[in-house]
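The values are calculated or read from the model by the stated rules, or taken from the named source; none is laboratory data. No experiment lies behind these values; they were computed from the predicted model shown. All Cβ positions, glycine included, derive from the backbone under ideal geometry; neighbour counts span all protein chains shown. Keep in mind that these areas ignore ligands, DNA and RNA; they rest on the heavy atoms of the full protein, side chains included. Shrake-Rupley method; radii C 1.70, N 1.55, O 1.52, S 1.80 Å.
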Amino acid sequence: LIHLLAECYFAKNNFTEARRLLQPLLENSPSSKVLYLCGKIDAAEGKHQDALDLFQKASSYNPLYPDPRIEQLESCLTIGNEETLVSVHKELLSNKPSDISLVKMGRTYLAHGRLEEAGELLDMATDPIPEAVVVFNNYALELKKQGKLKECIGQYTKCLKISPHHPLILYNLGCAHLDDDNRIQARKFLKKAVSRKPDFEKAKRALEQLGN
C-alpha cells in the first residue's frame, strides 16, 4: 500500500513525499520495485548517476525484471556512460527480451537520437502490441527527416501490420509515398486515412493537392 501511494505521488511529480514514504522501505525491506521507484525519482530530479546505481541494485534483487535495466540505458545515455551502456544493452539482449521490452529499449535510444540502435531493436520485435505503434511512427518520422524514404515507408508498413486502420499512420504513409514521388500509392493511403477519419482535414488537403 505504501509503495502504491508513493507511485501516486511520483506520478504527480511530488518527489519529496514519494521519497519520504519510500525511505523506511528502502532502509528496512528493500525490494526491486522500491529500488526501481527510488531510481526513477532520482532520474526525474536529474541525479542520473544515483539513479543508475539504484537501477543496478533493483536488477540484482530481481534479474528477471527488465525495466530497471532499461532505465539504466536511459541514465547511461543521459550522462554519456558508453561503457556501462554497452554492458547493460548486451545483458538485456542475452535475456531474450519480450517485444514490449524491445520497443521500450528502442524508444529510449530514439529519444536520444540514436537511430541505428533504435532501428535494430525495433526490427527485432516480431509481434508488438498496438500501443507500440507510436514508437514505430516516431522512428519512421526520424528516418524521413534524414531522407531515408524507403526505410521510412518500410516502418510505416510495419505500423499498419500492428494497427491496420490507424488514420495518422495511413496519412503519414501516404505522405511518405508522395515524397517518394509515388502518387498512386500516396492517393491510396490518403484515401484510406480519410475513410477512417472523415474529418481528417490534413489528409483531405493532401488529396486535393493530388487532384482528388
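List of remarks:
- Magnitude of the charge dipole, the range 116-178, Cβ model with Lys/Arg +1 and Asp/Glu -1, debye to 20: 360
- Using θ = phi - 60° and Karplus 6.51 cos²θ - 1.76 cosθ + 1.60, couplings along the range 157-170 (whole Hz; Gly, Pro as x): 5, 5, 4, 5, 5, 7, 9, x, 10, 6, x, 5, 5, 4
- FRET efficiency estimate (nearest 0.05) - Cβ-Cβ, R20 to Q49, R0 30 angstrom: 0.85
- Averaged over its residues, the range 103-212 has an accessible area of 54 Å² per residue, based on protein heavy atoms and a 1.4 Å probe.
- Fraction of accessible area attributable to carbon and sulfur, the range 156-212 (%, probe 1.4 Å): 49
- Span from the the range 149-212 Cα centroid across to the the range 95-116 one, whole angstrom: 26
- In the full protein context, the range 1-96 carries 56 Å² of accessible surface per residue, based on a 1.4 Å probe and ignoring ligands, DNA and RNA.
- Using C-alpha pairs below 8 Å separated by at least 6 residues, the relative contact order for the chain is 9 percent.
- Against the set (i) 40, 19, 14; (ii) 45, 22, 15; (iii) 33, 19, 14, the structure's computed semi-axes √(5λ) of the Cα gyration tensor in Å falls on (i).
- Within the accessible area of the range 54-106, the carbon and sulfur atoms contribute 53%, probe 1.4 Å, all protein chains present.
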